[in-house]
Structure formats: C-alpha cells, structure tokens
Amino acid sequence: MKKPFTLVIRLSFFFLFWVGVTTCNQNGSGEGQDTNSDVSAEQENLDLAFPDPYSSIKKLNFLIVGDAGTGEEPQKVVATGMHRVASKRSSAFVLYLGDNFYESGVTSVTDTLWKTAFEDIYTQSSLQIPFYAILGNHDYLGNEEAQLEYALTHPRWKMPARYYSFSSGLSPGDSIRFFALDTEMLLNETSDEAKNQLLWLDSELKKSPAIWKVVFGHHPVRSNGDHGDTGELVALLKPILERNKVTAYFCGHDHHLELIKPENGVNYIVSGAGARKRDVTLRKNTKFAFSGFGFVSVDVSAHQFDVTFHARFGNQIYKEVIGRR
Ligand SMILES: [Zn+2]
C-alpha cells in the first residue's frame, strides 16, 4: 500500500521542481552551458506517468516592451499598464527590447539613470520579475559593458551576455525557448563577432526541441514604422528564423506596435512604444498596427501562442492566436 503513495509524493515533487525551474544558456564567448540535464532526467519519470508529455503543461505569460528608457511620464504610464496585465495574468518576466537608457546609455553601474529610468519606474509588486534585457543602438552610445555588469548584482536585470538563450516557466522543461540577440552587432555584418553570433543562433535553434522558439532583437527585420525593415537582418537573420521554424521575432527600435503578416511561418512583432511613440504606415503586410504608447503580452500553452497588444493603460487593443507549426 505504501508504494503508490510514495509515487504520488515523488511526482508532486518533480512537478513543483519543473514549475520553478529557469535555465539560462548564455553565450558570447562560446562557453555557454545548458543546465537543463537534471530537468530532462526528471522529465523522463513524469512522462512515464503521463502518456501525453504536454498534459501537465503550465500556462506562461510574459510581457514585451522596448525603447522604454526615458525616465519620463509616458514610461511611468506604460509601467502602470504593464502592472495591470502582470497582476491579472501573473506574468513571469519581461522581454526588454533595448534602448534601455536614452539618449546615450549609461556611463557605469552607478549612473543615476538606473534609478530614474528603471528601478523607480517598474516599482509595482507584479513587476518585481526578471527583465531579460538586450542592447539597443542608444545603449551603445554609452558604456554597454555596464549593463552586463549591473546584472551581476541586480537579479531583476538579466543580461548574462550580449546574446544568450534561456527557457523559463513553461513545463516540461524546454517547451519554450528564448533567444536574445545583439542586433547592433549584426549590423556590422562582415565582422567576425556578427558571423559568430549568427552561427551560434543557427546552431542553438537547430538543436532546441522547443515547441515555441522566440527570438528577440532591438532592430526590426520587418516594420512599417519610421526606420522600417533592416536590410542586413532581412538578408542574414530572416533565413535563419525561417529554416528553424521560429514562432515569433520581437523587436523595438521603431516606436509603435505592429504585427506583420507571417512570412514563411515567422511572425514579426514590433513593440517599441514603451516611452516614445511614432507614426506607422499601413502597408500590405500589416496585420495590425498602433501608433500610441503601449506594450505586448503573450499567453502560451502547449497548443497556443496568444499575442495581445495593449495600449498604455493595459487595455487590450488586438489579439492574435498563433497555433503550433
Ligand atoms: Zn533604437
């Protein structure tokens, strides 16, 4: 009689273990380590108990906002909207899409902008969650190394490398994986570091068993905003996203919200209106566009990837349901 009870206890432990797990595979030096091996071993045990490995999948919600680092009123208002969504949906983390500090990045880890354009803005309890940050062109005008250094002592600020990948929150283990890019580096397309980053991305995407693969970078591949498409990324990055069946590419740089019609299965989403706004032109490939302040949230489960666009106070203005490929 003791055996089934013991099994239930063990399975509960494994389930709780997964729900809490967050793994981070950073790169930049080629020494990234995936710490997922323990999780995979535990997962085998649970798969034996549940024939459908996705039957126990947990819903995950996360927020996406970019170009937010002004420290001015609109950034605070958007933070209020993010709080409204995050507290309702229990958001697990934020993808923070670059141009984190206007006009010219931070000078050091003690720059007052850390306080005025980040810490004092996202103060709500629901936003005390990881911000997975990447560098934008404005960040490169300052001391970009300081943004990596800040992450070492401030757990909410996640920037383990200029480009990195992680899985988080959706069980089992690696059902969704995120790939963070340094697109400013990619614009210098003939440099060794650009080539290395693209090789890293292609190989990480190829080996990932994730149902959902999410890539985010500061510059758009596709956009109908002020900056528009980024030629270098259309030429070099787009084919990699397509051949590795990436679900969505999120970017900022242009200061509006937009969903581009999918190209070869990849959804291109602009969310660069976290503190500044700019006009967007409606073109043939525009599925939805909004030229006000706002942000994006995603609800993801084993079968659906729901992208919701929010205006600055958090109200929903558009929702797209993306199915599995
Ligand atoms: Zn930018």
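Any read-out appearing in this document is the output of simple, stated calculations on the displayed coordinates, not a laboratory observation. Source: prediction; values computed, not measured. Virtual Cβ from ideal backbone geometry, glycine too; neighbours counted across all protein chains shown.
Dipole orientation for segment 60-323: of the candidates M185, F216, T110, F216 has the Cα lying most toward the positive pole (charges on Cβ; Lys, Arg +1; Asp, Glu -1). Kindly identify segment 60-323 as rounded, prolate or oblate by the Cα gyration tensor criterion: order the square roots of the eigenvalues as a ≥ b ≥ c, call it rounded if a/c is under 1.5, otherwise compare a/b with b/c, prolate if a/b is larger, else oblate. It is rounded, given that a/c, with a ≥ b ≥ c, falls under 1.5. Just to confirm my numbers, what's the Cα centroid distance between segment 78-128 and segment 302-325 in Å? Taking the Cα centre of segment 302-325 as reference, the centre of segment 78-128 is 21 Å away.
Excluding same-chain neighbours fewer than eight residues apart, the lysines reachable from K277 by a Cα-Cα span under 16 Å are K76. In terms of Cα atoms, the Rg and Dmax of segment 71-225 work out to 16.0, 45 Å. The amide H of I322, built 1.01 Å from its N in the peptide plane, has F305, D306, V307 as neighbours under 5 Å, considering only residues 5 or more places off or on other chains. Would you work out which of L233, V296, A146 lies farthest towards the positive end of the dipole of segment 60-323, given +1 charges on the beta-carbon of Lys and Arg and -1 on that of Asp and Glu, about the Cα centre? Looking along the dipole axis, the top candidate is V296.
Within segment 60-323, antiparallel bridges make up roughly 60 percent of the DSSP beta bridges whose residues both belong there. Relative protection proxy for 108-116, 243-251, from highest mean packing down: 243-251, 108-116 (other beta-carbon atoms within 10 angstrom).
Looking at segment 188-325, the DSSP beta bridges with both ends there are about 75 percent antiparallel.
Restriction of the trypsin sites (Lys or Arg not before Pro) in segment 247-286 to DSSP coil positions whose beta-carbon has at most 16 other beta-carbons within 10 angstrom yields R278, R283, K284.
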